[in-house]
Ligand code: PMP
């Protein structure tokens, strides 16, 4: 199925303080963000008409922009309000929201001291990152040919567009071999994350996850750690080596787009069950984002 083009849709996009018709939310080809990767973004989801953790996402957008030396000309509260209004105008109850910040067209060249900082928020329907069937069975992922960079090499704590260059190349390589995604090691050869989600690995009832010292500490990651601890699971953040993979029984990934998605296979070498802990956390995450009550839900908020 061919996706509907992103530049040819009905609706409006919030752009630099006002709503513009979807098809008119355009940039000039000579734009610093496009040429030099001076661009940061967010991905958030709305469930039943309300955005999950909007403020945390908009705070991270500010922080990512600051890391790249850009100052977002709208406060987090203004971005929260704009996000809510954009969702309302979309008419969708369940939707994906993409706030994005980039340097404008005032300068070309590496130096961009005089560029404006531009901001937009678009809303669309993006069901599940992986198909519902794949999510039930667990997805199959390959090893990525690229590694997450050393913090001395790239601004690893920013959700910066430039960091997705190696993610797209890795995901394409995995898809070419029939896999859904790719597992990236970090610059030291430790297990890091997939191309757009954090990873959790379970052994003897204990949930292990890599320390996010050179990749995004996902908002979903933190939420799921809270949910797991609230129901009594032990969660350990530690360095995980690929040589440990045969010892794990369940593996899953977390992200705003991916939510909680089980992993069934890594590169034809390692196979995992969609086990009890993964299923419990999928259910609890769903209940939390959809505003469900319950001890686990309240404790994790
Ligand atoms: N890592 C990467 C590379 C991502 O793109 C994402 C999705 N934003 C995540 C992790 C998960 O982050 P979050 O849970 O905040 O969506």
Next on the checklist: Using helices alone, I'd like the mean residue ellipticity at 222 nm for the chain: each DSSP H run of four-plus residues gives -39500 (n - 2.57), total over residue count, nearest 500.
Outcome noted: -8500 deg cm²/dmol
Checklist outcome for this item: Taking Cα atoms, the helix 165-176 axis meets the longest principal axis of the chain at an angle in degrees (rounded to 10) of 50 degrees
Checklist entry - Is the shape of segment 86-221 best called rounded, prolate or oblate, per the rule: a/c under 1.5 gives rounded, else a/b larger than b/c gives prolate, else oblate, with a ≥ b ≥ c the square roots of the Cα gyration tensor eigenvalues? => result oblate
Item to check | Value of relative contact order over the chain, rounded to a whole percent, pairs C-alpha under 8 Å and six or more apart | outcome: 16 percent
Item to check | Binned Cα-Cα distances of segment 117-166, short to long, each 5 Å bin given as a whole percent | outcome: 4, 12, 14, 14, 18, 20, 13, 4, 0
Checklist outcome for this item: Shape call for segment 1-78, from the Cα gyration tensor axes a ≥ b ≥ c (a/c under 1.5 means rounded, otherwise prolate when a/b beats b/c, else oblate), comes out oblate
Checklist entry - How much length is gained if the chain between residue 7 and residue 188 is pulled fully straight, taking 0.36 nm per residue apart and subtracting their Cα-Cα distance, in nm to one decimal? => result 61.2 nm
Next on the checklist: Between helix 54-67 and the chain, what is the angle of the helix's C-alpha long axis to the longest principal axis, kept within 0 to 90° and rounded to the nearest 10?
Outcome noted: 70 degrees
Checklist outcome for this item: When the chain is treated as a Gaussian network with springs between alpha carbons less than 10 Å apart, the largest mean-square fluctuation among 44, 15, 184 is found at 15
Checklist entry - Roughly how many nanometres apart are two label points built 7 Å out from the Cα toward the Cβ at residue 81 and residue 168? => result 3.5 nm
Checklist outcome for this item: Most fluctuating of 132, 155, 262 in the GNM of the chain (C-alpha, under 10 Å) is 132
Item to check | For segment 132-300, convex hull volume per residue from C-alpha positions, Å³ | outcome: 108 Å³
Next on the checklist: Debye calculation, C-alpha points only, no solvent: report log10 I(q)/I(0) for the chain at q = 0.07, 0.09, 0.12 Å⁻¹, in the same order as the q values.
Outcome noted: -0.27, -0.46, -0.83
Checklist entry - Using a simple spin-label model with points 7 Å from Cα along the Cα→Cβ vector, what separation in nm is obtained for residue 213 and residue 48? => result 4.1 nm
Item to check | Label-reachable residues, segment 198-232, where backbone N falls under 20 Å from a point 7 Å from residue 175's Cα toward its Cβ | outcome: 198
Checklist entry - Once fully extended, how much extra length lies between residue 35 and residue 283, figured as 0.36 nm per residue of separation less the alpha-carbon to alpha-carbon distance? => result 85.1 nm
Checklist entry - Using Cα atoms only, what is the angle between the long axis of helix 76-90 and the major principal axis of the chain, expressed in degrees (0 to 90) to the nearest 10? => result 90 degrees
Next on the checklist: Testing the spin-label approximation: label points 7 Å from Cα along Cα→Cβ at residue 27 and residue 244. State their distance in nm.
Outcome noted: 3.9 nm
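Rule-based calculations on the coordinates, nothing more; no lab input. Since the model is a prediction, treat every value here as computed from it, not as a measurement. Quick reminder, even Gly has a Cβ in these numbers, built from the backbone with ideal geometry, and neighbours come from all protein chains shown.
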